[in-house]
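**Student:** If you scroll down you'll find the structure; I have some questions about it.
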Amino acid sequence: DQQVKQNSPSLSVQEGRISILNCDYTNSMFDYFLWYKKYPAEGPTFLISISSIKDKNEDGRFTVFLNKSAKHLSLHIVPSQPGDSAVYFCAASFSGSARQLTFGSGTQLTVLP
Amino acid sequence: EAGVAQSPRYKIIEKRQSVAFWCNPISGHATLYWYQQILGQGPKLLIQFQNNGVVDDSQLPKDRFSAERLKGVDSTLKIQPAKLEDSAVYLCASRLRGRGEKLFFGSGTQLSVL
């Protein structure tokens, strides 16, 4: 049972344009969501997070939006840069899970120069 | 600040052999996790430690996998005997208690079982 889904395995975007990565979840108990970025041969690194009490969180070029009614979150990157090319994982947790993270399968973002 | 250290980076073994991975978390991080990432999938939790105690090992295949965290610092994950389907990247992560869900990951060990 895949509780966190990233239905787009890959996404290509032109440099300078907006990248939108999507994530859906099924477990209504999730109350904290994170995005991680992973380069080849490296471990995932934390990018940005959002609590379920908010619907938007912004950090520089990165903004995460949460739509609780639709059980959907998205990561916007504006403007996209070639260095943003990586695999992006969506993750979720809830307070009763010892704060364990459940990850999606990832989206490979390629930013074309 | 040093990150999460893992070794080896790569390991190739034949099926039915045994293998061990080592992890040294960030200093002061009480919580340590081992994740398995199969190609094309997201990381899947195998085991979670709080200091030297196991918090959750419900997804650890205990007939072949074992893990320990002696003295609440370093940890080792062992597979014996290995199967072809164990080919994956094994990621160690740590978290500072009370600092939310932000995990810090090591670079992982890429295991190939032939």
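Listed here are the residues, each with its yes/no results for (1) farther than 13 Å from B:Ala20 by Cα; (2) outside any strand (DSSP E or B).
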{"site": "B:Leu32", "(1), (2)": "yes, no"}
{"site": "B:Gly42", "(1), (2)": "yes, yes"}
{"site": "B:Lys78", "(1), (2)": "no, no"}
{"site": "B:Pro81", "(1), (2)": "no, yes"}
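**Student:** Show the residue pairs that are 6+ apart or on different chains and have beta-carbon atoms under 7 Å apart, the first residue being within the range B:34-52 and among the aromatic types (Phe, Trp, Tyr), the second being assigned to a loop (DSSP other than H, G, I, E, B).
**Tutor:** Once the first residue is among the aromatic types (Phe, Trp, Tyr) and sits in the range B:34-52, its partners that are assigned to a loop (DSSP other than H, G, I, E, B) give B:Tyr35/B:Pro43; B:Phe49/B:Arg69.
**Student:** Pairs needed: first member in the range B:55-69, within 13 Å of chain A (Cβ to nearest Cβ); second member anywhere, modelled with pLDDT under 95 and part of a loop (DSSP other than H, G, I, E, B); C-beta distance under 9 Å; at least 6 residues apart or different chains.
**Tutor:** Short answer, once both residue conditions are applied: B:Val55/A:Ala98; B:Val55/A:Gln100; B:Asp56/A:Ala98; B:Asp56/A:Gln100.
**Student:** Can you tell which of B:Phe21, B:Phe49 is among the aromatic types (Phe, Trp, Tyr), under 28 Å from A:Trp35 (Cα atoms) and at pLDDT below 95?
**Tutor:** Details: B:Phe21 fails: at pLDDT below 95.
Just a single option satisfies the conditions, and that option is B:Phe49.
**Student:** Which fully enclosed strands (runs of 3 or more DSSP E) of the range A:8-85 have 2 or more residues being within 14 Å of chain B (Cβ to nearest Cβ) and closer than 24 Å to B:Ser94 by Cβ?
**Tutor:** Numbers: elements: A:10-14, A:19-25, A:32-38, A:45-51, A:56-59, A:62-67, A:72-77.
In the range A:8-85, the matching strands (runs of 3 or more DSSP E) lie at A:32-38, A:45-51, A:56-59.
**Student:** To continue, here is another question. Examine the range B:102-113 for a residue that is over 15 Å from the mean Cα position of the chain (by Cα) and closer than 19 Å to B:Arg9 by Cα, and state whether such a residue exists.
**Tutor:** If we filter the range B:102-113 for residues that are over 15 Å from the mean Cα position of the chain (by Cα), which is where we start, we get B:102, B:112-113.
Restricting the remaining residues to those that are closer than 19 Å to B:Arg9 by Cα gives B:112-113.
Yes, some residue in the range B:102-113 is over 15 Å from the mean Cα position of the chain (by Cα) and closer than 19 Å to B:Arg9 by Cα.
**Student:** Would you point out the residue of the range A:95-107, among those that are within 10 Å of chain B (Cβ to nearest Cβ) and not small (Gly, Ala, Ser), that is surrounded by the most Cβ atoms within 10 Å (Cβ to Cβ)?
**Tutor:** The residue in question is A:Leu101.
**Student:** Further, regarding this structure: From the list B:Ser18, B:Ser87, B:Ser27, pick out the single residue that is under 22 Å from A:Ser105 (Cα atoms) and either within 11 Å of chain A (Cβ to nearest Cβ) or not charged (D, E, K, R) (or both). Lay out the reasoning, then the answer.
**Tutor:** Working: B:Ser18 fails: under 22 Å from A:Ser105 (Cα atoms); B:Ser27 fails: under 22 Å from A:Ser105 (Cα atoms).
Sole residue among the options that is under 22 Å from A:Ser105 (Cα atoms) and either within 11 Å of chain A (Cβ to nearest Cβ) or not charged (D, E, K, R) (or both): B:Ser87.
**Student:** Moving on. For the range B:17-30, which positions are on the phi < 0 side of the Ramachandran plot, in a loop (DSSP other than H, G, I, E, B) and either free of Cβ contacts under 8 Å to residues at least 60 places away in the same chain or out of contact with any helix residue (DSSP H, G or I) (no Cβ under 8 Å at 6 or more places or on another chain) (or both)? Give the derivation first.
**Tutor:** Pass one, the range B:17-30, residues on the phi < 0 side of the Ramachandran plot: B:17-27, B:29-30.
With the extra rule that they be in a loop (DSSP other than H, G, I, E, B), the set shrinks to B:17-18, B:25-27, B:29-30.
Selection gives B:Gln17, B:Ser18, B:Pro25, B:Ile26, B:Ser27, B:His29.
**Student:** Could we say that B:Lys78 is modelled with pLDDT of 95 or more, more than 30 Å from A:Asn7 (Cα to Cα) and surrounded by fewer than 16 Cβ atoms within 10 Å (Cβ to Cβ) here? Give the derivation first.
**Tutor:** Working: modelled with pLDDT of 95 or more: yes; more than 30 Å from A:Asn7 (Cα to Cα): yes; surrounded by fewer than 16 Cβ atoms within 10 Å (Cβ to Cβ): yes.
Taking the combined requirement at face value, the residue satisfies it.
**Student:** Could you figure out which of (1) within 27 Å of B:Arg97 (Cα to Cα); (2) surrounded by fewer than 16 Cβ atoms within 10 Å (Cβ to Cβ) isn't true of A:Gln81?
**Tutor:** (1)
**Student:** crowded, with 22+ Cβ neighbours inside 10 Å and part of a strand (DSSP E or B): does that describe B:Ile47?
**Tutor:** Details: crowded, with 22+ Cβ neighbours inside 10 Å: yes; part of a strand (DSSP E or B): yes.
So B:Ile47 passes the test.
**Student:** So, one more: Select from the range B:60-72 the residues that are surrounded by 16 or more Cβ atoms within 10 Å (Cβ to Cβ) and farther than 13 Å from B:Phe21 by Cβ and list them in ascending order. Steps first, please.
**Tutor:** Within the range B:60-72, the first condition is being surrounded by 16 or more Cβ atoms within 10 Å (Cβ to Cβ), and the residues that meet it are B:60, B:65-67, B:69.
Result: B:Leu60, single match.
The values are calculated or read from the model by the stated rules, or taken from the named source; none is laboratory data. If you're wondering where the values come from, they're calculated on a predicted model, not measured in any experiment. No Cβ is skipped: glycine too gets one built from the backbone with ideal geometry, and neighbour counts run over all protein chains shown.
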